[in-house]
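Asker: One structure is given below, represented as C-alpha cells, and several questions about it will come after.
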Amino acid sequence: MRDLVKFIMIHATFLFSFQNGSSQTVIPLYPGEIPNARPGPDRETAAYEEDSIWTIRNVSRPNLTIYLPPKKIATGIAVIVVPGGGYGIVAAKHEGYDVAEKLVAAGIAAFVLKYRLPDDSTMINKEIGPLQDAQRALLVVRSRAKEWGIKPDRIGIMGFSAGGHLASTAGTHFKKRRIDNPGRVSLRPDFMILVYPVISFNSEYGHMGSAHNLLGPDPSPEKIKEYSNELQVTGQTPPAFLVHARDDDAVPLKNSQVFAAALRAHHVPVELYLYDGGGHGFGLNNRTSPVKWIDSCIRWIKKLP
C-alpha cells in the first residue's frame, strides 16, 4: 500500500499534462546502471508543500518527462527544463511540467529533467551528480533527435533558481565530460534560458544554501570559483535569455547581471529581462506584472540562428 501511495503521489502531477494535444512519456535517464551512485533503497517522496508547491525530495533515480508537440506545429526546437529547489528539492510542477506545456503549445519539444539531488548516501561524488544528469539529458535528446523530430543543433536548456545554476553549469562546463560518451555527442546546449538563476557561489551575492547542498558546508576557494559560473564563461558559451526580479531577496539580481556581463564581454548574445517586483520562485507567472516573460523567451528562441 505504501508503494502504491508513493507511486500516485509522484505521478499525480502528470494529470495536469494533457491540455494541448501533446504526448508525454517518462523514461529513465539511464537505462542501466546509474553512474556515480551508491546502492540503496529508493527514498524518493513527492507532495504539495508550502505555498502549494509540488515538491520532490530524495531523488536518486533520475528521469526525463518528454513532451512532443503535434507535428503540424512542431518547430524542431527542443528545451530541457530543469526545475529549481536549492539542490535540496525539485520543484517539478510550476518550474517544470507547467513550463513544458507552455513550450509544447508553441511547437517546442520539452524534456523535464528530474535530476539527482546531491547526497553523500546515494552518490560517490555528490558535486558532479546533477551535472552528470544534465549532460546525460543533452546526450539522450541529441542522440534521439531524429526519432523525436528535433534538429540536433537546436537543443537548449532552461533552468530555474538552482536549476538555473545546473543549466548554466551545463552551458559553461560542457568540455568537462562527466558521463560516458563513446559516440562523442556534443554535450554543449545550443542556448540557455535562466530564470532567477543561482549563478555564483561567492559570499557577496551567491546562494550559499545551494553551494552547501552541492559542495558541502565548507567548500574550498577553488571549488567556489569552479562553480561560480560567471567566472567560467568563454566565447564558446551558448547564448542566453535571463529573467530576474529586481526585488529578489533569495537569489539576488546580481547573479543574472554578472553572468550577462560576462557573456557580453566574450561577445556571446544575451538578453536580460527584468521585473521590478515578484521576488523569487514565481515560475511562469509573475503576479506583479501583466507581462509574461515566457512569451518573449519563446520569440527569442525562435529567432536564434
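Asker: Just for region 161-220: of the residues that are at positive phi and among the small types (Gly, Ala, Ser), which one is surrounded by the most Cβ atoms within 10 Å (Cβ to Cβ)?
Answerer: So the residue we want is Ser161.
Asker: Of the residues that sit in region 248-287 and are assigned to a helix (DSSP H, G or I) and in contact with a helix residue (DSSP H, G or I) (Cβ under 6 Å, 6 or more places away or on another chain), which one is farthest from Asp51 (Cα to Cα)?
Answerer: Ala262
Asker: Specify which of the listed residues (Pro239, Pro269) is under 24 Å from Ile77 (Cβ atoms) and touching a residue at least 60 places away in the same chain (Cβ under 8 Å).
Answerer: Step by step, each of Pro239, Pro269 is checked, and only Pro239 is under 24 Å from Ile77 (Cβ atoms) and touching a residue at least 60 places away in the same chain (Cβ under 8 Å).
Asker: Within region 254-279, which residues are buried (at least 18 other Cβ atoms within 10 Å of the Cβ) and either among the charged types (D, E, K, R) or touching an Asp or Glu at 6+ places or on another chain (Cβ under 6 Å) (or both)?
Answerer: Lys254, Val258, Phe259, Ala262 - these are the residues of region 254-279 that are buried (at least 18 other Cβ atoms within 10 Å of the Cβ) and either among the charged types (D, E, K, R) or touching an Asp or Glu at 6+ places or on another chain (Cβ under 6 Å) (or both).
Asker: Could you go through region 248-260 and let me know if any residue there is in contact with a Lys or Arg (Cβ under 7 Å, 6 or more places away or on another chain), among the acidic types (Asp, Glu) and over 30 Å from Ile73 (Cα atoms).
Answerer: No, because not a single residue in region 248-260 is in contact with a Lys or Arg (Cβ under 7 Å, 6 or more places away or on another chain), among the acidic types (Asp, Glu) and over 30 Å from Ile73 (Cα atoms).
Asker: Further, regarding this structure: Glu33: surrounded by fewer than 17 Cβ atoms within 10 Å (Cβ to Cβ) and at pLDDT 85 or above, yes or no?
Answerer: In short, yes.
Asker: Within 30 Å of Pro70 (Cβ to Cβ) and in contact (Cβ under 8 Å) with a residue 60 or more places away in the chain, is that true of Ala100?
Answerer: Numbers: within 30 Å of Pro70 (Cβ to Cβ): yes; in contact (Cβ under 8 Å) with a residue 60 or more places away in the chain: yes.
In short, yes.
Asker: Considering each residue of region 95-107, count those that are farther than 30 Å from Arg38 by Cα and either crowded, with 24+ Cβ neighbours inside 10 Å or not acidic (Asp, Glu) (or both), and give that number.
Answerer: Total satisfying the criteria: 8.
Asker: So, one more: Name the residue that is surrounded by the fewest Cβ atoms within 10 Å (Cβ to Cβ), counting only residues in region 59-90 that are assigned to a loop (DSSP other than H, G, I, E, B) and aliphatic (A, V, I, L, M).
Answerer: Per the criteria, the residue is Ile73.
Condition check ((1) at pLDDT below 95; (2) surrounded by 17 or more Cβ atoms within 10 Å (Cβ to Cβ); (3) at negative phi) across all residues:
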site: Arg2; (1), (2), (3): yes, no, yes
site: Lys6; (1), (2), (3): yes, no, yes
site: Asn20; (1), (2), (3): yes, no, yes
site: Leu29; (1), (2), (3): no, yes, yes
site: Arg38; (1), (2), (3): no, no, yes
site: Pro41; (1), (2), (3): no, no, yes
site: Glu44; (1), (2), (3): no, yes, yes
site: Glu49; (1), (2), (3): yes, no, yes
site: Trp54; (1), (2), (3): yes, yes, yes
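So that you can scan it fast, the table gives a plain yes or no per residue for (1) closer than 24 Å to Glu271 by Cα; (2) among the polar types (S, T, N, Q):
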position: Ala109; (1), (2): yes, no
position: Arg116; (1), (2): no, no
position: Asn125; (1), (2): no, yes
position: Ile128; (1), (2): no, no
position: Leu138; (1), (2): yes, no
position: Lys151; (1), (2): yes, no
position: Ile157; (1), (2): yes, no
position: Arg178; (1), (2): no, no
position: Ser200; (1), (2): yes, yes
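Asker: Checking the conditions here, which among Asp190, Asp180 is of a type in the set (Asp, Glu) and within 23 Å of Pro118 (Cα to Cα)?
Answerer: Values: Asp190 fails: within 23 Å of Pro118 (Cα to Cα).
Going through Asp190, Asp180 in turn, the sole match is Asp180.
Asker: Scan region 136-160 residue by residue and report those that are over 26 Å from Trp293 (Cα atoms) and surrounded by 24 or more Cβ atoms within 10 Å (Cβ to Cβ).
Answerer: none
Asker: What are the residue pairs meeting all of these: first residue in region 114-127, first residue touching a residue at least 24 places away in the same chain (Cβ under 8 Å) and surrounded by 21 or more Cβ atoms within 10 Å (Cβ to Cβ), second residue polar (S, T, N, Q) and assigned to a loop (DSSP other than H, G, I, E, B), Cβ atoms under 6 Å, and 6 or more apart or on different chains?
Answerer: Taking only residues 6 or more apart or on different chains, the pairs are Arg116/Ser60; Thr122/Ser60; Met123/Asn36.
The values are calculated or read from the model by the stated rules, or taken from the named source; none is laboratory data. On a predicted model such as this, the values are computed, not experimentally measured, just so you know. Cβ atoms come from the backbone with ideal geometry, glycine included; neighbour counts cover every protein chain shown.
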